[in-house]
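Taking it in order: structure first as structure tokens, then the write-up.
The values are calculated or read from the model by the stated rules, or taken from the named source; none is laboratory data. Because the structure is predicted, anything quoted here is derived from the model rather than measured. So basically every Cβ, Gly included, is an ideal-geometry build from the backbone, and we count neighbours across all protein chains shown. Keep in mind that these areas ignore ligands, DNA and RNA; they rest on the heavy atoms of the full protein, side chains included. Shrake-Rupley method; radii C 1.70, N 1.55, O 1.52, S 1.80 Å.
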Amino acid sequence: MAWMEREEILFRTLERHLIADRLSSGFGATKDEPVDVDGFLAFSLSVQNRRKSRVGLALENHLELVFQENGIRYSRTRATENKSKPDFLFPGHKEYHDVLFAPANLTMLGVKSTCKDRWRQVLAEADRVEEKHLLTLEASISTSQTDEMRAKKLQLVLPTALHPSYTQEQQAWLMSLGDFTEVVRLKQ
């Protein structure tokens with residue numbers, strides 16, 4: 001969580017500088033030209049999309065370092081069935097594609113900084129893995145959604161600091177990153 005917060009501060013500082021330059025150059029507002037509303041909207045959308053993409057990649061990068069520091073073997077964004085690319089496969093894509101490798105020893109982790117309804121995308125990745133895992137930074141996901149996740153065999157993984165934003169019943173089911181890392185370590 002601290003890494004994500006620090007990276008966000010650094011990114012926003014750089015972004016303010018870059019966006020200020022573009023905003024100061026304007027969007028065609030002169031006495032001879034009207035404001036380029038479409039240009040402004042396209043610029044705004046690109047800034048928003050860049051933010052979302054960066055947060056997700058940053059989270060994956062930080063998790064990758066956690067796994068490396070804990071000596072956990074993994075593959076990142078490697079193809080499984082139907083060109084699906086789960087964020088992390090444990091112990092790796094070679095074992096995943098080895099039909100002699102026991103599926104019970106495979107683990108899959110999807111990573112989404114925010115879930116909303118996108119958590120369902122994870123269900124279509126890594127068919128050999130029966131119970132899938134999803135790490136998110138989203139606080140307070142509704143009970144109905146976490147109940148549906150449980151029914152679909154999707155285990156939610158969250159930093160411990162976010163657990164109090166969930167109900168007591170949900171907290172009993174949630175997995176911390178430390179818990180997840182230990183599960184993967186035991187399988188390896």
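Would you please list the contacts, defined by Cβ atoms under 7 Å and residues six or more apart or on different chains, that run from a residue in segment 8-36 that is more than 19 Å from Gln48 (Cβ to Cβ) to a residue that is open to solvent by less than 50 Å² (accessible area, probe 1.4 Å) and at pLDDT below 75?
Pro34/Gly28; Val35/Gly28
Here is a yes/no grid of residues against (1) in a loop (DSSP other than H, G, I, E, B); (2) in contact with a strand residue (DSSP E or B) (Cβ under 9 Å, 6 or more places away or on another chain); (3) not hydroxyl-bearing (Ser, Thr, Tyr):
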| position | (1), (2), (3) |
| --- | --- |
| Gly110 | no, yes, yes |
| Thr114 | yes, yes, no |
| Arg120 | no, yes, yes |
| Leu123 | no, yes, yes |
| Ile141 | yes, yes, yes |
| Leu162 | no, yes, yes |
| Val184 | no, yes, yes |
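Residue-by-condition table, conditions (1) in contact with a Pro (Cβ under 7 Å, 6 or more places away or on another chain); (2) at pLDDT below 75; (3) open to solvent by 80 Å² or more (accessible area, probe 1.4 Å); (4) not basic (Lys, Arg):
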| residue | (1), (2), (3), (4) |
| --- | --- |
| Glu8 | no, no, no, yes |
| Leu14 | no, no, yes, yes |
| Ser24 | no, no, yes, yes |
| Asp32 | no, yes, yes, yes |
| Ala42 | no, no, no, yes |
| Arg76 | no, no, no, no |
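Would you mind finding the one in Asp98, Asp117, Asp127, Asp147 that is open to solvent by 40 Å² or more (accessible area, probe 1.4 Å), in contact with a helix residue (DSSP H, G or I) (Cβ under 6 Å, 6 or more places away or on another chain), among the charged types (D, E, K, R) and without any contact (Cβ under 8 Å) to a residue 60 or more places away in the chain?
Values: Asp98 fails: in contact with a helix residue (DSSP H, G or I) (Cβ under 6 Å, 6 or more places away or on another chain); Asp117 fails: in contact with a helix residue (DSSP H, G or I) (Cβ under 6 Å, 6 or more places away or on another chain); Asp147 fails: in contact with a helix residue (DSSP H, G or I) (Cβ under 6 Å, 6 or more places away or on another chain).
The conditions single out Asp127.
Here are some residues: Glu81, Glu60. Which one is in contact (Cβ under 8 Å) with a residue 40 or more places away in the chain, closer than 19 Å to Leu156 by Cα and charged (D, E, K, R)?
Working: Glu81 fails: closer than 19 Å to Leu156 by Cα.
Just a single option satisfies the conditions, and that option is Glu60.
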